[in-house]
Structures are given as C-alpha cells and as structure tokens.
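Please read the structure below before turning to the comments.
The values are calculated or read from the model by the stated rules, or taken from the named source; none is laboratory data. This one's a predicted model, so the numbers in the text were calculated from it and none came from an experiment. Positions of Cβ are generated from backbone atoms using ideal geometry, with glycine treated the same way; all protein chains shown enter the neighbour counts.
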Amino acid sequence: MSVLADDLIDLAATRKSRGYWGNVGRRLLRDPVSMICAAILLLIALAAVFAPYLGLADPYLGSMIRRLRPIGTAGYPLGTDELGRDMLTRLVHGGRLSLLIGLLPVVFAFFIGTTLGIIAGYLGGVVNQLIMRTVDVFYAFPSVLLAIAISGALGGGLLNSLLSLTIVFIPPIVRVAESVTTGVRSLDFVDAARASGAGALTIMRVHILGNVLGPIFVYATSLISVCMILAAGLSFLGLGTKPPEPEWGLMLNTLRTAIYVNPWVAALPGVMIFTVSICFNLLSDGMRSAMDVRN
Amino acid sequence: MLAFILKRLLLVLPVVLAVSLVCFLLVYIAPGDPLISVLPPDASAELAEQMRRAYGFDRPLPVQFGIWLWKALHGDLGTSIATGRAVADEVARAVGNTLRLAAVASVLGFSFGLLFGFLAGYFRDTWVDRLVTTISIAGVSTPHYWLGMVLVIIFSVQLGWLPAVGAGPGGWAWDWEHLQFLILPAITMSVIPMGIVTRTVRALVGDILSQEFVLALRAKGLGEGRVFAHVAKNATPTAVAVMGLQLGYLLGGSILIETVFSWPGTGFLLNAAIFQRDLPLLQGTILVLALFFVFLNLMVDVLQAAIDPRIKRS
C-alpha cells in the first residue's frame, strides 16, 4: 500500500508540468535577443532608479563657463549641455521621468481597456454597442494627433500628457480585449460556469480574465515602444515635462539650438529613446513568439 | 458597387458627427475662460458679458455645437485669436504644404516598404529576411523627430549639402531650389511607414506562399514570375489598407517633423496654436486633419472592395 502511495507521489512529482506560463518563460529565457534587450532595459531602469546614489554630478547644476563641451572632455565623459550641465548624469536621471511617462499610460490603459473590453465582449448587446462605438470615434483620429490635441487643449504639463496618452492607448486595447473575450465567451467551460449558477461578474473575473489576459498583455507590451516615442515627443514639443527637469524628449528640445555648436551631444538623448524603444519592441516580439503554441 | 459605396457613406456620417463633437469639445476641456485671450485684462464684467453673448457662449452647449457645426459646414471655422484671420484660410494655406510632404514621404516609404517586404517574405529565414527585419524594427522604433535632427546634423551642419529648415523662398514650385528643402523632412517622415509596410507585407507574403494554391501553381509548371503575380494580387487588398492608414497617420503625425524642420504645414500651425492658446485655430486644424483621416479610411474601404470582390459580398 505504502509502496503504491510512494509510486503515486513519484508519478505526480515527475508529471508535474511547468504549466503554460512556465513554458513561455523558459522559451523566452532561451531567446538571446530577448534576453539582451531585457538586460539593457533592466540596466537603464536600475541606473535611473538608483541615479541619486551612483555618485554622479548634480543634474541641475549648470556652469556658464563649461557650456556645450564635446563628448570625451575630461570630467565630462558625455560632454555638457547648453547650460553647462553634465550630460551623463542628466541622461541617467532622465530615465526616471522618461521611463515613467513611457510606461504609465500603457499600464493605465491596460487596466481600463481590459476591463471595458471584457465587459463589452462578455455582456454583448447594447453595452457592447455603447463601448465599441465610442471606441470607434477615437479610432477616427490618428493617435499622435489625438494625443497632441488633448494635451494641447489641456495646456501641457506632465499630468496632462499622461492623461492624453492614456486616452490614446485605451481604444486599441479595448478592441483587442473585446475580440479575445468574444472568442472565449462561447466556449464550454463558460457555459458550465453559467449553468452552475455563477454570476456575470464571477465568470468575467474567474473564468474569462485568466484566459484573455495573456494575449492582451502581449499586445499592450507592443504599445510601450510607441508610447515611449510619443511621450518623449510631447515633451519635445514642450507639452510634457517642464525645464529644468531632466527628461530625454525635453533635453532633445532644449539642445536643438546647439546642433551647430556641438551636434553629437545634442543627439544623445535621442539615442536613449531609440535604445529603450527598440528593446521594448524586440522584447515584445520575443514574448509573442514565445507564447505562440504553434512554435 | 454603387450600393456598397452608398452604404459606407451612410456609415461614415455618424463618425463625422462624432469627430466634430470631439473637436468642438476640445475648447471646453481647455482650462480657463475661452474668452480670456480676446478680452483685455482690465475688462469690466459688463464687457465680458457682452462678449460672451456676442460669441454665443451664453447659449446651452448643444445649441452652441449646432451653430458651430452649421458654420463649419459652410466653411466657417471661426477666427484665429492670434492673427485675426479666418481659421479656414490659415488651414487651407498650410494643408497644401503638409499634403506635399506626406505625398513624397509616402511614395518613398511605401515603395521601399513594399520592396523590402516582398524580399523578406520571399526569402524567408535567409540573411535577406534577417537584414530586412532588422531595418524595419529599427524603423518603427525610431523617434522620428530625433532622426530628423540627426539628418540635419549630418547633411546640413557637417556636410552642408541641404538646407536645415523652412520650405524655400516664396510659394512652392517643383524645382531644385524648393525641392532641396523637402528631401530631409520627407526621408524622416518615410521611416515609420516604411517599417510598418515592410512588416505587414513580409508576414502577408509568407502566409500566402505557404498556402496550397501556390504549390498548385508551381506544380503546373508556372514560372516564378507568374507565381509572383499571383502572390502580389493576393497581397494587394491588405497592403492597400495598411498604406491608407499609414498615409492618414503621416498627415496627423507630421507635427513633430514639421516642428523640427520648421516646415510651414498644418503641424507647424498646430504648434503655433497650442503655444499661443489659439483655441479656434487648434480646433479647426484638428477637425480638418481628422476629417481627412476619416475620408482616407473611406477611400481605402472602397478601393479594397474594388480590388477584392469578396469584401463587397460580406
């Protein structure tokens, strides 16, 4: 008897599957491109978070006699900006706001959009029409134009640019969430849950959410790169962060006048935006193919 | 076909109405009194009230929307607060410049995108595919306003080959004197659509090539050229849809590039409107651009139905 029990336990242990997400994670770990991108992003993010403790120069401290030093100047490895502030420390500190305004709108839009999309997809009927037709209206605007229109009307500033970007990214997430939910809704286990007396809220929260979250999440990650570029773009136009705050888009804007004096220093903040954006893009692509069961 | 077009037109009407409503409401989400910029700072309450009535701000919101819409339908988009000129005239003058830039940029972006996409789809999983995929990912990840700056640094500051800002002296003409101003902004603008068209066409061609009918075509002894014609024909409707959408994004997203190159188009106008708090100008420019986008989407639908009869039937 006890031998049988031991056997059963052994069997259970060896058969213990890693599960879907475990497999996805393992496949992602074996993809060198995704891992390199993740490492670069982690490095930039950690540097940004711990920027005040890295022993770098003061990002706000300028010097009128040391303006626009070229890259490689002694004491200023990446040169200085138009007010004589050290570029290296400003680029590292700039990551704090730049990453935040590039990520937060997608995170907010992910929560709001998923909720609305699941409601629209599961309830259907009038609710679906109401939500989806409203979403259609926002689709009638090019996304950059919509973001600029809203933050332009609201009058710029960090919070307004976050708000406008969130509004821009909700509609596409709602569309994806709605279509995935519609696909899951008619499956047998949802019928079974309904037959056993589960309410709409319980079904959506317990049975639908777990099955639609994956695809919506991967779609949302593909938006981060766009959001990075757009958020920095709003700052570049003067609609986001206000000086003297270090932020890559704004730095690009204020250094624009310096391209005749010290061109390559002026281009540096864009290199950061580009790096972060391409890493998020490649990581999102890697995640999508890791989640693709057909592979 | 006519029935299809009419049906689509009918469906577009509520969208146009909703877009107008959003543009109309832009002025109302703006903080502060909409009259603040026209009134002198020491205006009496009486004068303020008088102005409010003159501008119709004392009416209920739906009535104001109705009046605004009625005027907009007749080509009256209000008066610019900063310049005192009619908004419709200002937008009309700028729109030509933006369209010219977007047209050249889309020709560039679409032709390279189609070329790269077909190459990568045809030579799937070879070095050609990997090279093209890298280029397209870099293209969609580039902050285009930064690319514009880099191009100015290389070709204007360092090499001195091309002018950095503006659109040339006087009105537009298709000669080198003016064209040299167009080159850098057009290249900058074409990078993102190039990347997106490449990605789409690559996936599309890969999918089509793996279908059985391609095998059948090859089995009956058709040359690669003829097979390619079949693949291209099948890829056209989706490719057209993506390109139409991208053209719309170009028009709407041109503000960043126009700012970098001081290109006197709608984006430049928008920028001025935002920083002078010129709300009627902001509202009018965005309305015109959004309606362009709606119109483009409609054209894409009709074009797709014309190319692919299956769409019309569904």
Selection from segment A:114-133 of residues under 30 Å from B:Ser254 (Cβ atoms) and modelled with pLDDT of 90 or more yields A:Met132
Checklist entry - In segment A:219-233, is there at least one residue being within 30 Å of A:Arg66 (Cβ to Cβ) and within 9 Å of another protein chain (Cβ to nearest Cβ)? => result yes
So the helices (runs of 4 or more DSSP H) completely within segment B:60-152 holding 3 or more residues that are touching a residue at least 24 places away in the same chain (Cβ under 8 Å), closer than 29 Å to A:Ala266 by Cα and not hydrophobic (A, V, I, L, M, F, W, C) are B:87-122, B:127-141, B:144-151
Matching residues in segment A:120-155 (crowded, with 21+ Cβ neighbours inside 10 Å and either of a type outside the set (Phe, Trp, Tyr) or in contact with an Asp or Glu (Cβ under 6 Å, 6 or more places away or on another chain) (or both)) number 14
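Residue-wise test of (1) more than 19 Å from B:Leu296 (Cβ to Cβ); (2) surrounded by fewer than 19 Cβ atoms within 10 Å (Cβ to Cβ).
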residue: B:Gly78; (1), (2): yes, yes
residue: B:Gly96; (1), (2): no, yes
residue: B:Gly117; (1), (2): yes, no
residue: B:His144; (1), (2): yes, no
residue: B:Gly160; (1), (2): yes, yes
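Specify which of the listed residues (B:Gly252, B:Gly265) is more than 8 Å from chain A (Cβ to nearest Cβ) and either closer than 20 Å to B:Pro14 by Cβ or buried (at least 24 other Cβ atoms within 10 Å of the Cβ) (or both). I'd like the intermediate steps shown before the answer.
Working: B:Gly252 fails: more than 8 Å from chain A (Cβ to nearest Cβ).
On inspection, the qualifying residue turns out to be B:Gly265.
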With criteria (1) over 17 Å from B:Ala86 (Cα atoms); (2) over 19 Å from the mean Cα position of the chain (by Cα), B:Thr259 comes up short on (2)
Original post:
Does segment A:229-246 include one or more residues that are in contact (Cβ under 8 Å) with a residue 12 or more places away in the chain, of a type in the set (Asp, Glu) and surrounded by 23 or more Cβ atoms within 10 Å (Cβ to Cβ)?
Top reply: no
Restricted to segment A:130-164 and to residues being more than 7 Å from chain B (Cβ to nearest Cβ) and not in a helix (DSSP H, G or I), the residue farthest from B:Ala290 (Cα to Cα) is A:Gly157
Just one listed residue, out of B:Leu281, B:Leu303, is in a helix (DSSP H, G or I), in contact (Cβ under 8 Å) with a residue 12 or more places away in the chain, within 12 Å of chain A (Cβ to nearest Cβ) and out of contact with any Pro (no Cβ under 7 Å at 6 or more places or on another chain), and it is B:Leu281
Going through (1) in contact with a Leu (Cβ under 6 Å, 6 or more places away or on another chain); (2) of a type outside the set (Asp, Glu); (3) facing chain B (nearest Cβ under 9 Å) one by one, A:Trp264 fails only at (1)
Requested in this report: Answer yes or no: is there a residue in segment A:275-286 that is assigned to a loop (DSSP other than H, G, I, E, B), within 30 Å of A:Leu68 (Cβ to Cβ) and hydrophobic (A, V, I, L, M, F, W, C).
Outcome: no
